[in-house]
Amino acid sequence: MLELNSLEKAVRSFSIAVERWKTVPEDKEVRDSVVQRFEYTYELCHKMLRRQLQEFAANPSEIASLDYKALIREATKFRLITHPENWFEYRRKRNLTSHTYNEDTAEDVASSALNFLQDAQDLITCLQKL
């Protein structure tokens, strides 16, 4: 069974930033906090998905060698996630944040992060049931 404390804390922290940003959408510092918390929460979700799939696998090294899209498709097979296309989009947004910073990108990523929050919470719920 996976230890989920770090992921749960990250999602809580992310959720707090999202809720605050909803109340003050013009606050760029809060928006940037949403983006940053999205980044590390996304990374933890990705790692937890890979770890859980390795636990399911007869040959964990096969899971370790999967590229991102194959990993997400595999997670969908095990019903750890329900909307793989969302996760592909989150990956694109995460890649944007790691390569450049500008206002338009930050706004775009923060807006996408609002959708990600629900998917991250759904992932935790699935992982907790295992």
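The values are calculated or read from the model by the stated rules, or taken from the named source; none is laboratory data. Note that the coordinates shown come from a computational prediction; the quantities given were computed from them, not determined experimentally. Cβ coordinates were reconstructed from backbone atoms using ideal geometry, including for glycine residues, and neighbour counts include every protein chain displayed.
Just one residue in the set E89, E85 is loosely packed, with under 13 Cβ neighbours inside 10 Å, among the charged types (D, E, K, R) and out of contact with any strand residue (DSSP E or B) (no Cβ under 9 Å at 6 or more places or on another chain); that residue is E85. Residue count for the range 98-125 under the criterion of being modelled with pLDDT under 95 and either acidic (D, E) or within 15 Å of C45 (Cβ to Cβ) (or both): the result is 7. Across the range 17-42, the number of residues qualifying as over 17 Å from T105 (Cβ atoms) and hydrophobic (A, V, I, L, M, F, W, C) comes to 3.
Total residues in the range 28-85 satisfying the condition of being part of a loop (DSSP other than H, G, I, E, B), farther than 23 Å from E8 by Cβ and among the basic types (K, R): the figure is 0. Of all residues in the range 15-39, those satisfying the criterion of being in contact with a Phe, Trp or Tyr (Cβ under 8 Å, 6 or more places away or on another chain) and either loosely packed, with under 15 Cβ neighbours inside 10 Å or of a type outside the set (V, I, T) (or both) are D27, R31, S33, R37, F38. You will find that of L4, L66, L53, the residue that is surrounded by 13 or more Cβ atoms within 10 Å (Cβ to Cβ), more than 19 Å from L114 (Cβ to Cβ), more than 17 Å from the chain's Cα centre (by Cα) and not polar (S, T, N, Q) is L66 and no other. Here is the figure for the range 92-125: residues that are of a type outside the set (S, T, N, Q), surrounded by 15 or more Cβ atoms within 10 Å (Cβ to Cβ) and touching a Phe, Trp or Tyr at 6+ places or on another chain (Cβ under 9 Å) total 9.
Would you please name the residue that is farthest from T125 (Cα to Cα), looking only at residues in the range 47-62 that are modelled with pLDDT under 95 and among the aliphatic types (A, V, I, L, M)? Within the range 47-62, the match that is farthest from T125 (Cα to Cα) is A58.
Could you tell me whether K47 is within 14 Å of the chain's Cα centre (by Cα) and surrounded by fewer than 16 Cβ atoms within 10 Å (Cβ to Cβ)? Yes: the conditions hold for K47.
Can you tell me which residues in the range 73-109 are within 18 Å of K28 (Cβ to Cβ) and among the hydrophobic types (A, V, I, L, M, F, W, C)?
Correct list: L96, A106, V109.
What's the total number of residues in the range 1-16 that are farther than 17 Å from A110 by Cβ, among the hydrophobic types (A, V, I, L, M, F, W, C) and assigned to a helix (DSSP H, G or I)? Of the residues in the range 1-16, 1 are farther than 17 Å from A110 by Cβ, among the hydrophobic types (A, V, I, L, M, F, W, C) and assigned to a helix (DSSP H, G or I).
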